[in-house]
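Notes for the one structure printed next.
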Amino acid sequence: MKVAGFTIARNIIKADYPLKEALLSILPMVDELVIAVGNSCDGTREYIESLNEPKIRIIDTIWDDNNRKGGAVLADETNKAKSHVSIDADWLFYIQADECIHEQFYPVVKASMEKYLNNEKVEGLLFDYQHFYGNYAMVGDSRRWYRNEIRIIRNRKDICSWKDAQGFRTTQGKKLNVAHSGGTMYHYGWVKHPAFQQQKQLQFHRLWHSDAHMKKNVKPLEVFDYSNIDSLQHFTGTHPAVMNTRISGIDWTFEMDPTRKNFGLKARFLYWVEKKFGWRPGEYKNYRLIP
């Protein structure tokens, strides 16, 4: 069984993405790792080269900064990376620049890939998600955070990155039939110094909206305000080992009482239903989970 990893990167230093940690977390799971590095102004390519990892293969790309509708350029770039993986790879493992897989899940995820290797009905593997927010001790637990997403797909040309590259579908737009990988992805996109977080927000909105929209709707703040969040809870597990240095170097503070909920009446009721019954009414699922 051969597994190829793939991802994209552009100006990751400027917004302090944990790309190094993301790459190191996936490397033990893959035979190669293709990174489509976009035209950057902060030394992103040199940063990746400095890792000196023999499994990493860099593909240079130019982002279409006019392709902003719905973050479509992110899917375009992801598909460029996917197109350069080895043709003989069985599974493709995708990871974003602010995600890590915990080493405790390596055995079960590998076992899932082996289990479904010859079952063509399974087109991808699903992961649970932990979304960290504000610091490394709090996670989002409201409906605004997706609970699952596809991160492993079959090496087929008719499977592509979908919309803003959060997940995958067929080139005809059909949802993939997936099984659960048994693993959890740790998402750190909302944990960084407030100044870097604000820079990330500016970068992100530019991928979705016109300059006119940005000028009208995005406040020119120096730092991001983490207090505007609906619901958090304490994280009680451990982090991937590759994150230890970054976590120990935290140089800002954010505290929030997890008993305080910033909900309207409807959102409060739906939150209660989910916590009581484990069911999220109306949940968007970009996949078909095979029993």
### Task
Scan Arg246, Arg280, Arg288 and give me the residue that is under 25 Å from Phe204 (Cα atoms) and in contact (Cβ under 8 Å) with a residue 12 or more places away in the chain.
Arg246
### Query
Within the range 197-218, is even one residue within 28 Å of Ser112 (Cβ to Cβ), without any contact (Cβ under 8 Å) to a residue 24 or more places away in the chain and either among the small types (Gly, Ala, Ser) or assigned to a loop (DSSP other than H, G, I, E, B) (or both)?
no
### Query
So how many residues does the range 235-262 have that are loosely packed, with under 11 Cβ neighbours inside 10 Å, of a type in the set (Gly, Ala, Ser) and either more than 14 Å from Asn135 (Cβ to Cβ) or under 20 Å from the mean Cα position of the chain (by Cα) (or both)?
1
### Query
Could you say which residue among Glu32, Glu53 is more than 21 Å from the chain's Cα centre (by Cα) and among the acidic types (Asp, Glu)?
Glu53
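Quick grid of which residues meet (1) in contact with a Leu (Cβ under 7 Å, 6 or more places away or on another chain); (2) over 27 Å from Ser210 (Cα atoms); (3) aromatic (Phe, Trp, Tyr); (4) in contact (Cβ under 8 Å) with a residue 40 or more places away in the chain:
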| position | (1), (2), (3), (4) |
| --- | --- |
| Asp31 | no, yes, no, yes |
| Asp64 | no, no, no, no |
| Arg68 | yes, no, no, yes |
| Val73 | yes, no, no, yes |
| Ala89 | no, yes, no, yes |
### Message
Being surrounded by fewer than 21 Cβ atoms within 10 Å (Cβ to Cβ), basic (Lys, Arg), more than 15 Å from the chain's Cα centre (by Cα) and farther than 18 Å from Leu33 by Cα is true for just one of Lys115, Lys110. Which residue is that?
### Response
Lys115
### Query
Tell me, which residue of the range 263-291 that is touching a Phe, Trp or Tyr at 6+ places or on another chain (Cβ under 7 Å) and in a helix (DSSP H, G or I) is surrounded by the fewest Cβ atoms within 10 Å (Cβ to Cβ)?
Val273
### Summary
The number of residues in the range 182-234 that are β-branched (Val, Ile, Thr) and buried (at least 16 other Cβ atoms within 10 Å of the Cβ) is 3
### Task
Could you check Gly237 against (1) farther than 30 Å from Asn177 by Cβ; (2) in a loop (DSSP other than H, G, I, E, B); (3) out of contact with any helix residue (DSSP H, G or I) (no Cβ under 7 Å at 6 or more places or on another chain); (4) at pLDDT 95 or above and say which number it fails?
(1)
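The values are calculated or read from the model by the stated rules, or taken from the named source; none is laboratory data. Remember, it's a predicted structure, so these values are computed and weren't measured experimentally. Positions of Cβ are backbone-derived with ideal geometry, glycine not excepted, and every protein chain shown enters the neighbour counts.
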